[in-house]
Amino acid sequence: MSGLDQYKVAAAQRVTEVNAREITPGNPQPMLRSVVSLEYWVDRGGNVTRVALYRSNGDHEAERIAIASLRRASPLPAPSRALVDSSGRVRAVETWLFNNDGRYQLRSVAAPQIDGQ
């Protein structure tokens, strides 16, 4: 696992801890309500400095929930010096997997989806 992938796992664990009430327990359902990917930048201290919608199926409520959950979790763990670029930030993309009830898991730490068969 690359250094960035390890960082994404640590960041996803932080988002999951801070937003525990919104997390899907167990496995995500086979046909997800929404999949939202966010591109985000973190400074040397772990502060989320920018968030942008990277990919979505157009579910604006899920997009809002994903962005809010990431902002609530800031500061994230401080990135290693090796990950920080010349602007002093790390760029990552994370994906939120939403069940029909509006709860979610983050792909970097998600349990496998339930087999739909």
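FYI, it's all coordinate maths here, none of it is from the lab. Just so you know, these numbers come straight off a predicted model, no measurement behind them. Because the Cβ atoms are built from the backbone with ideal geometry, glycine has one as well, and the counts that use them run over all protein chains shown.
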For the stretch 20-34, in residue order, the Karplus 3J(HN,Hα) values (coefficients 6.51, -1.76, 1.60; θ = phi - 60°; whole Hz; Gly and Pro = x) are 3, 5, 9, 8, 5, x, x, 9, x, 5, x, 10, 6, 5, 7
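Among residues other than residue 88 whose Cβ falls under 13 Å from its Cβ, what is the net charge (Lys/Arg +1, Asp/Glu -1)? Walk me through the numbers before you get to the answer.
Numbers: positive: 44, 50, 81, 89, 91; negative: 43, 85.
Result for the local shell: +3.
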Option label - Kirkwood radius over Cα pairs in Å computed here, alternatives [x] 14.4; [y] 13.8; [z] 17.7: [x]
Between residue 113 and residue 47, what FRET efficiency comes out of the Förster formula 1/(1 + (r/R0)^6) with R0 = 35 Å and r the beta carbon distance, rounded to 0.05? 0.65
FRET efficiency for residue 2 and residue 100 from the Cβ-Cβ distance with R0 = 30 Å, rounded to 0.05, comes out at 0.35
Burial-style ranking of 21-33, 39-51, average other-beta-carbon count within 10 Å with highest first, yields 39-51, 21-33
In deg cm²/dmol, rounded to the nearest 500, the helical mean residue ellipticity at 222 nm of the chain, built from -39500 (n - 2.57) for every DSSP H run of length 4 or more, is -8500 deg cm²/dmol
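Run the dipole for the stretch 1-60 about the Cα centre, Lys and Arg Cβ at +1, Asp and Glu Cβ at -1, nothing else charged, and hand back the magnitude in debye, nearest 20.
On the way: 7 positive and 6 negative charges, 6 e Å.
Value, rounded to 20: 40 debye.
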